[in-house]
Structure formats: structure tokens, C-alpha cells
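Please treat every number below as a calculation from the coordinates, not as lab data. This one's a predicted model, so the numbers in the text were calculated from it and none came from an experiment. Neighbour counts are summed over all protein chains in view; Cβ atoms, including those assigned to glycine, are modelled from backbone coordinates with ideal geometry.
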Amino acid sequence: DAKTTQPPSMDCAEGRAANLPCNHSTISGNEYVYWYRQIHSQGPQYIIHGLKNNETNEMASLIITEDRKSSTLILPHATLRDTAVYYCIVFNRDDKIIFGKGTRLHILP
Amino acid sequence: DARVTQTPRHKVTEMGQEVTMRCQPILGHNTVFWYRQTMMQGLELLAYFRNRAPLDDSGMPKDRFSAEMPDATLATLKIQPSEPRDSAVYFCASLFAGEDVLTFGAGSRLTVL
């Protein structure tokens, strides 16, 4: 079973920041938080990951709470091309990787 | 860009036929995953390998599905005999254990009539 809980869908206005939440209350100390997105039927694409600290790259920012039981993916300026299903997953890098149902993000023009 | 290559991209077959899907992981990656995606079930893990050895295939219907890695550059997923309920998109993904990023292929869309 997936170790994460995400809202099934969210809307965000184009140009605004999209904040996607994820709960992972049973995360273990050696498990990372990863975010992927899937556009249409393409293969999921990596966005960002972190262990304890907040992370930022050219695509997004990842905010992990101090107790590591939840995180938020932030797309700073959402565009129509960010419409996708976003998956939050946690795993030990030596273990199997299980995806949940993700959040379907709709960007509204 | 290093990529995971899957063939065929699309396959239409009739019930009862054998189907083989192939995956070429990224060179140097030692862990390969097979996923199946349907609208109802989402992304399901079927099996995964490390250093060509199967580690977990508990998600795979054993009676008709089989997965192998004949060598480090090829992973195969075979369905025999195929059934309409096997219609789905099958994804292969690879990584080097202990490193960052799981990379997916473009998928093989299977339709069983």
C-alpha cells in the first residue's frame, strides 16, 4: 500500500502558486519524499525530492515539516502545461516503490 | 539524455495470444521496475529486479504473467495467454540503487480484444 495521502484533485489559477499537500505520517527515518508528475499517459516525470530539508530546483520547491509527517510541493507560477497528476511517494532507496492515486491538478486560465 | 526505452509503444492483440513487452533500462542502472496503469487501479507495481535478480513479483498474476532480465540491458514482461482485463499501459522504470531518481519509459499501451 502507498504510504502517502493526497487530495484527489485541486484547482489553481494560471500564474498563481500551486501548493500540493501530502501526508506521510508513517515515514521512516531513512525514507525520502519524492514528487513526480504524469501528463496525459506519458511516463511519470521526476520533479524533486528531499529527506529533511526544504529543497528547490528549477521546477518546484519542496517544503517538509520538521516532524517529516507531511510535505508540500510548490509550483511557484503555475501554467496550463502544469496540468497533470502529481504523485507524492516515500521510500527507502533500496526498497520497492509504490505509487498512490496522486492529485489531479487543474490549472484554470 | 539517458532514457528508458520500451517496445512496443502500442500493441493490439486478441485474447489468448502471447504478448511480450521489452524494456532497456538506463545504462548503469541496476534496479528495474514494472508497473501497470489503468484508470481504475492507477499505477500498480507488478515486479522489480535488482542486479537482474527478482526481488518482488507479488503484484503480478502468476498464472499468466512472467518477468525476466536476460541481461543487464534488457527486461521483459510476458503475458500468456492474454485477456481483455490485461488492457493497460505498462511502464518500465529504472534507477541505480541508493541514488536519486527513478526514470520511467514512455510505456507500452496494450489492448486485448
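Values for this structure:
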| quantity | calculated |
| --- | --- |
| For A:Thr103, A:Thr4, order by how many other beta-carbon atoms lie within 10 Å, fewest first | A:Thr103, A:Thr4 |
| Max mean-square fluctuation residue, GNM over chain B, Cα-Cα springs under 10 Å, options B:Gly98, B:Gly42, B:Gly59 | B:Gly98 |
| Part-to-part distance (alpha-carbon centres) for segment A:46-108 and segment B:4-31, which is given in Å | 28 Å |
| Unmatched cysteines, the protein assembly as shown - criterion: no other Cβ of a Cys under 4.7 angstrom | A:Cys12 |
| Segment B:9-58: trypsin sites (Lys or Arg not before Pro) in DSSP loop, at most 13 other beta carbons within 10 Å | B:Arg9 |
| Two-decimal log10 I(q)/I(0) for the protein assembly as shown, as the Debye equation yields it once each C-alpha is a single scatterer, q = 0.14, 0.17 Å⁻¹ | -0.87, -1.21 |
| GluC sites (Glu not before Pro) restricted to segment A:2-109 and DSSP loop, no more than 16 other C-beta within 10 Å | A:Glu14, A:Glu58, A:Glu66 |
| Against the rule of thumb 2.2 N^0.38 Å, how large the Cα Rg of chain B comes out | 1.00 |
| Principal axis dimensions, largest first and in whole angstrom, of chain A by Cα | 40, 28, 22 |
